[in-house]
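Heads up: the structure comes next, in structure tokens.
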Amino acid sequence: MDHTDLYINGAWVKTDTRFDVINPATEQVLASVASAEIADADAALDAAEAAMAEWAARTPRQRSEVLRKAWELMTARLDHFANLITLENGKAGTDAKGEATYAAEFFRWFAEEAVRADGMITHAPASGARIMVQHKPAGLAILITPWNYPAAMGTRKIAPALAAGCGVIIKPASETPLTMLALMPLLEEAGVPPGLVNVLPSKRTGALVDHMLHDPRVRVVSFTGSTGVGRTLLKGAADQVLKPAMELGGNAPLVVFEDADINVAIEGTMLAKMRNLGEACTAANRIYVHADIAEDFTARLTAAMSALKVGDGADPSVDVGPLVNASTRDKVSEFVADAVAKGAKVECGGVVPEGTGYFYPPTVLSNVPEHAECVQDEIFGPVAAIQTFTDQEDVIRRANDTEYGLVAYVFSGDFKRGLQVCERLDYGMVGLNRGLVSDPAAPFGGTKQSGLGREGGHEGMLEFMETQYISASW
Ligand code: NAP
């Protein structure tokens, strides 16, 4: 691996303490990566503060052109990034290429948004004074990302932060720091000045991040990861009243009505369930199928899941790579055992294969009871858990019966009915006859305990900006 050290102020910094990154397909050590300490965080904050002063003073068009160049460079090197993603995360080549493309698109989208930080001017109704509203860069931002999308969860934060004029420090997940480190030379080449973007892999995550959240120069904390860690960060952010952007866990319901086009529903379910082998906050976690079509749906889904080839994601013929680590694989296995003990039927998969690598086969469970743990909690693996329903009101109630509210999916051949159900779902995003909602041009985010704020769309850049209002007379 070319880049395994900390990236501070545009330079590679070695540390005494290092940690191993493992290839989940082979269980071999891929690289030994530098682990940041508090002094490194201080150096990164100093660098980001200095770089931001100059960057924020650039015109929106100048910032936009750097981001556009980053999109061009990344798009030209998709295979390089996809290979790296597969090596450290395990996901299959198609998933990895899809992620690299999605990741690059955030640079293009926010290159276009950088020049559209629109303000407004109007007359105050009573006094006649002018109300002038504008958006300014919020300040230094701490970005903390998970292992399931080592590139995209980073670029979804870096691109809007840079578009807004902010300097950033990224703490990538310890399982997958290599992709983010590999992105840094590309950003340099695109024209990002030294110090504006810093990357601090670390095994002292809690202490390191907490230290940065208490530095008075920091104004934003943007996190993607589990709801538990999100709560901890919100508490840490409270001391300095930081702007929080929290993309947290999900427990997505996917509802298939009896009038759905069954082929569309199967295709959508495969995408919603198996994109990123189920290791996604957007993964369909609870699949509710109308009883009239449940048998047909289950048979077709089982056939589609059984046809997927499992193996090392580096093999281009493989559809499903390994899970990221042993504990994630074991948790998936425990969810299946619990559901079966409570009455679920295994239609396919369900057995951990022998041998090296953290593999788990695509699995379909039918008759999954409501009290099974995989219905209550995120599976984060390739297991489709099917339940049935007969009544529309009942399925809406069950779909909403969770503390999460990230994404839901609805399949119906009746567009009016589909939209009416979408509006009744307490979710930040809904896929209607589609198994994929993620799009750089759309506001991604959840309600309830799935998070605060939105990434992408027009909203994404505002997470890194403060609104200023000037009351003026002339
Ligand atoms: P995680 O354990 O919450 O870790 C995410 C990041 O937080 C990692 O960089 C981790 O660093 C860091 N972290 C851990 N403890 C911390 C602490 N005390 N203070 C500050 N940072 C800390 O989540 P994960 O297991 O990597 O990712 C899976 C979760 O992310 C799922 O719940 C999934 O739904 C969610 N997710 C949400 C979205 C979304 O947009 N809503 C997208 C993707 C994933 P270390 O790796 O060093 O521990």
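FYI, it's all coordinate maths here, none of it is from the lab. Bear in mind the structure is a predicted one, so any value in this text is a computation, not a measurement. A quick note on method: Cβ atoms are made from the backbone with ideal geometry, for glycine too, and the neighbour counts reach across all protein chains shown.
The C-alpha atoms of the chain define a longest principal axis, and helix 78-89 lies at about 70 degrees to it.
Were the residues from Trp474 through Glu72 laid out at 0.36 nm apart, the gain over their Cα-Cα distance would be 140.2 nm. Take each peptide in 315-326, 389-400, count the other Cβ atoms within 10 Å of every residue, and average; sorted highest first, the result is 315-326, 389-400.
Electrostatic tally near Leu365: other residues with Cβ closer than 9 Å to its Cβ, Lys and Arg +1, Asp and Glu -1, net 0. The coefficient of translational diffusion for the range 252-439, derived via Stokes-Einstein from the alpha carbon Kirkwood radius under 25 °C and 0.890 mPa s, stands at 150 µm²/s. Farthest towards the positive end of the charge dipole of the range 1-145, among the residues Leu73, Ala48, Ile121, is the Cα of Ile121, using unit charges on the Cβ of Lys, Arg, Asp and Glu. Which stretch or stretches of the range 391-425 have amide N atoms under 20 Å from the point lying 7 Å from Glu258's Cα along the Cα→Cβ direction? Those under the cut-off are 391-399, 410-422.
For the chain, the longest principal axis of the alpha carbon atoms and the long axis of helix 93-113 meet at an angle near 40°.
What is the sum of charges around Gly249, taking Lys and Arg as +1, Asp and Glu as -1, for the other residues whose C-beta is under 13 Å from the C-beta of Gly249? Don't skip to the answer; put the middle values down first.
On the way: positive: Arg231, Lys448; negative: Glu247, Glu279, Asp377, Glu378, Glu403.
Neighbourhood net charge equals -3.
Remark: the Val115-Asp330 segment gains 72.7 nm on full extension, using 0.36 nm per residue and subtracting the alpha carbon distance.
What does the helix-only formula give at 222 nm for the chain: each DSSP H stretch with n ≥ 4 adding -39500 (n - 2.57), the total divided by the residues, and the result rounded to the nearest 500 deg cm²/dmol? Before the final figure, lay out the partial values.
On the way: 15 runs with 186 residues, N = 474.
Estimated from H runs of four or more residues: -12500 deg cm²/dmol.
Taking the Cα centre of the range 252-439 as origin and assigning +1 to Lys and Arg Cβ atoms and -1 to Asp and Glu Cβ atoms, the resulting dipole is close to 180 debye.
Full-extension gain between Ala307 and Gln240, please, as 0.36 nm times their residue separation minus the C-alpha to C-alpha distance.
On the way: separation 67, 0.36 × 67 = 24.12 nm, distance 5.21 nm.
Residue separation times 0.36 nm, minus the Cα-Cα distance, leaves 18.9 nm.
In this simple spin-label approximation, Lys136 and Asp296 carry label points 7 Å from Cα along the Cα→Cβ vector, and these lie 6.2 nm apart. Pairs from the list Lys157/Lys243; Lys91/Lys342; Lys203/Lys243; Lys91/Lys235; Lys14/Lys331 with a Cα-Cα gap above 23 Å: Lys91/Lys342; Lys203/Lys243; Lys91/Lys235; Lys14/Lys331. Given +1 at the Cβ of Lys and Arg, -1 at the Cβ of Asp and Glu and no other charges, the dipole of the chain around its Cα centre is 1140 debye to the nearest 20. Seen from Tyr469, the other residues with C-beta closer than 15 Å to its C-beta sum to a net charge of 0, counting Lys and Arg as +1 and Asp and Glu as -1. The fraction of Cα-Cα pairs per 20 angstrom bin, counted from 0 for the chain, comes to 25, 54, 20, 1 percent, rounded to whole percents. What the Cβ-Cβ distance of Ala337 and His371 gives, at R0 = 22 Å and to the nearest 0.05, is a FRET efficiency of 0.90.
The H on the amide N of Gly249, modeled in the peptide plane, is under 5 Å from the matching H of Thr227, each at least 5 residues off or on a different chain.
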